[in-house]
Amino acid sequence: MAFKFQGFDFLGLDASLTEEELLVRKTARDFVDSNVTPIIEECFREGRFPREIVPLMGEMGFYGANLEGYGCAGMSNVEYGLVLQELERGDSGLRSFVSVQSALVMYPIFTFGSEEQKNKWLPALATGEKLGCFGLTEPGFGSNPAGMTTRARKSGDEYILNGEKMWITSGSIADVAVVWAKLEGVGDKNEEGADSVRGFLVEADRPGFKSSDIHGKWSLRASVTSSLSLEDVHVPSANLLPGADSLKAALMCLNQARYGISWGAIGAAMDCYSTALNYSKTRKQFHDQPIASHQLVQEKLVWMASEISKAQLLSLHVGRLKDSGKSGHQHISMAKRNNVWMALECARLARDILGANGVTEDYPIMRHSMNLESVKTYEGTHDIHTLILGQNLTGIGAY
Ligand code: TGC
Ligand code: FAD
């Protein structure tokens, strides 16, 4: 049943957050409690993305929050992480939407775009007036995007794009897609070592561009997931992201999103833990005692509290590294891998503590659990992050 979330700070980490960081978290927390929690179960059940809160999140400065200028809030990476933590406490689908808009659409335009592209898109994406999506994954290439078959051919002052993208968050509601394609006529590597992958801004109303939604998901039901088809889509040369000269640029975008996911997963885990703790104090079994008085139930709560605390330390530390320009993609991989695994385990333990009630929509546990199955897979599966870390430790790629 609904209760007011009180936060979770076993280690006293709030003392190491600044006044601004605490204020940002409180603002995002209040926003979720007022605008997301009341509607999210219904959205999930109906398979409906809550489009009505898109402009509200724009007003709150949630889109591209850690970018400077162009109407963006200019938050630190820790502040941005705290926003995503609160949004995913509401629902992973909502955090996903904000992650894609911010890390996978605004970040590449901000980092690799021309001044004209930035002025055209960033202010409108920051308010939510325009929406974006990120097309990297293809039907045949998920974990290994380097194999992509989408192609771009230069023709005079234009590029002509052909290919299919799959599992694209916000695909059918986006005004602009960041599409990754291999440039024809460019060898595997140029003299600087760059491959032929390039990023293009493709407006959704271009002839030959089609999107269709993927139905039947038992996960992220409050988020739109689509496939994209590009059939001889002509875009002007000005739509090429000039600074994105290889797959590495796409992978840099993933770092931003994976960082946000590491915080978001903590939010989902905190919601599961708090729900289970509250439930265990009121539900009575045997000798008229609350189930919280049983040792095995306490063990589960202790596991959750310990792992959430460790995850908070990890994300906060990586956030501080990122704010000081010292984070590496291996640090972000460790945080994404650990925190999503931790959140999924918390959801399973919380489900168990709630007994039969745990499988109903009266509590948020199964929704988080189902959502987190996608979060474990997207942005690099758990096992791909194991291999990224393995490569970093040993110097040997084992893909
Ligand atoms: P590889 O040869 O290892 O790397 C090519 C160049 O890129 C560098 N690099 C990175 N740079 C920045 N950030 C990273 N994360 C990087 N990973 C690698 C690398 O050092 C190299 O640089 P250089 O200078 O030597 O050329 O590339 P590979 O093709 O062997 O791929 C490696 C692998 C498997 C790690 C990569 O393909 C990968 O990460 N695969 C997972 C795919 C993935 O995560 N897809 C996500 C799609 S988007 C999505 O899921 C959105 S979900 C919605 C939401 O976020 O809410
Ligand atoms: P595969 O790559 O086929 O992997 C299947 C299994 O094989 C996994 O367990 C994997 O770990 C394992 N595996 C693969 N290779 C190896 C290996 N070398 N060694 C050991 N194990 C391996 N993509 C986008 O581009 N944009 C989006 O907005 C987006 N949104 C998404 C939203 C949702 C809801 C979902 C579910 C996915 C989304 N994705 C998006 C796609 C996502 O990034 C991919 O699903 C993910 O990268 C995994 O690819 P795959 O599903 O093709 O799995």
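The values are calculated or read from the model by the stated rules, or taken from the named source; none is laboratory data. Computed from a predicted model, the values in this text were never measured in an experiment. FYI the Cβ positions are ideal-geometry reconstructions off the backbone, even for glycines, and counts take in every protein chain you see. Accessible surface areas use protein heavy atoms only, side chains included; no ligands, DNA or RNA. Shrake-Rupley method; radii C 1.70, N 1.55, O 1.52, S 1.80 Å.
So, Val186, is that one under 15 Å from Lys154 (Cβ atoms), open to solvent by less than 60 Å² (accessible area, probe 1.4 Å) and free of Cβ contacts under 8 Å to residues at least 24 places away in the same chain or not? Steps first, please.
On the way: under 15 Å from Lys154 (Cβ atoms): yes; open to solvent by less than 60 Å² (accessible area, probe 1.4 Å): yes; free of Cβ contacts under 8 Å to residues at least 24 places away in the same chain: yes.
In short, yes.
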Could you figure out which of (1) free of Cβ contacts under 8 Å to residues at least 24 places away in the same chain; (2) crowded, with 20+ Cβ neighbours inside 10 Å isn't true of Gln298?
(2)
Which of the residues belonging to region 224-260 are of a type in the set (Val, Ile, Thr) and either out of contact with any Phe, Trp or Tyr (no Cβ under 8 Å at 6 or more places or on another chain) or away from ligand 1 (no atom under 16 Å from the Cβ) (or both)?
Val233, Val235
For Pro38, work out the one condition from (1) assigned to a helix (DSSP H, G or I); (2) in contact with a helix residue (DSSP H, G or I) (Cβ under 9 Å, 6 or more places away or on another chain) it doesn't fulfil.
(2)
Has region 230-248 got at least one residue that is more than 30 Å from Lys120 (Cα to Cα) and surrounded by 14 or more Cβ atoms within 10 Å (Cβ to Cβ)?
no
May I ask you to list the residues in region 51-65 that are more than 26 Å from Glu361 (Cβ to Cβ), open to solvent by 10 Å² or more (accessible area, probe 1.4 Å) and without any contact (Cβ under 8 Å) to a residue 40 or more places away in the chain?
Met60
Outside the structural domain of Arg153 (by TED's automatic domain parsing), more than 24 Å from Ser170 (Cα to Cα) and among the aromatic types (Phe, Trp, Tyr) - does that describe any residue in region 243-265?
no
Quick one: is Lys130 part of a strand (DSSP E or B) and over 18 Å from the mean Cα position of the chain (by Cα)?
no
Are any of the residues in region 155-165 in the same structural domain as Gly93 (by TED's automatic domain parsing) and either without any contact (Cβ under 8 Å) to a residue 12 or more places away in the chain or near ligand 2 (Cβ under 9 Å from one of its atoms) (or both)?
no
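Looking at the structure I just gave you, is Leu372 surrounded by 15 or more Cβ atoms within 10 Å (Cβ to Cβ), in contact (Cβ under 8 Å) with a residue 12 or more places away in the chain and more than 24 Å from Glu86 (Cα to Cα)? Before the answer, list the steps.
Numbers: surrounded by 15 or more Cβ atoms within 10 Å (Cβ to Cβ): yes; in contact (Cβ under 8 Å) with a residue 12 or more places away in the chain: yes; more than 24 Å from Glu86 (Cα to Cα): no.
Judged against the criteria, Leu372 is not a match.
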Residues of region 125-148 being away from ligand 1 (no atom under 12 Å from the Cβ) and without any contact (Cβ under 8 Å) to a residue 24 or more places away in the chain, which ones?
Gly140
In this structure, is Thr377 open to solvent by 70 Å² or more (accessible area, probe 1.4 Å), within 15 Å of ligand 2 (Cβ to nearest atom) and among the β-branched types (Val, Ile, Thr)?
yes
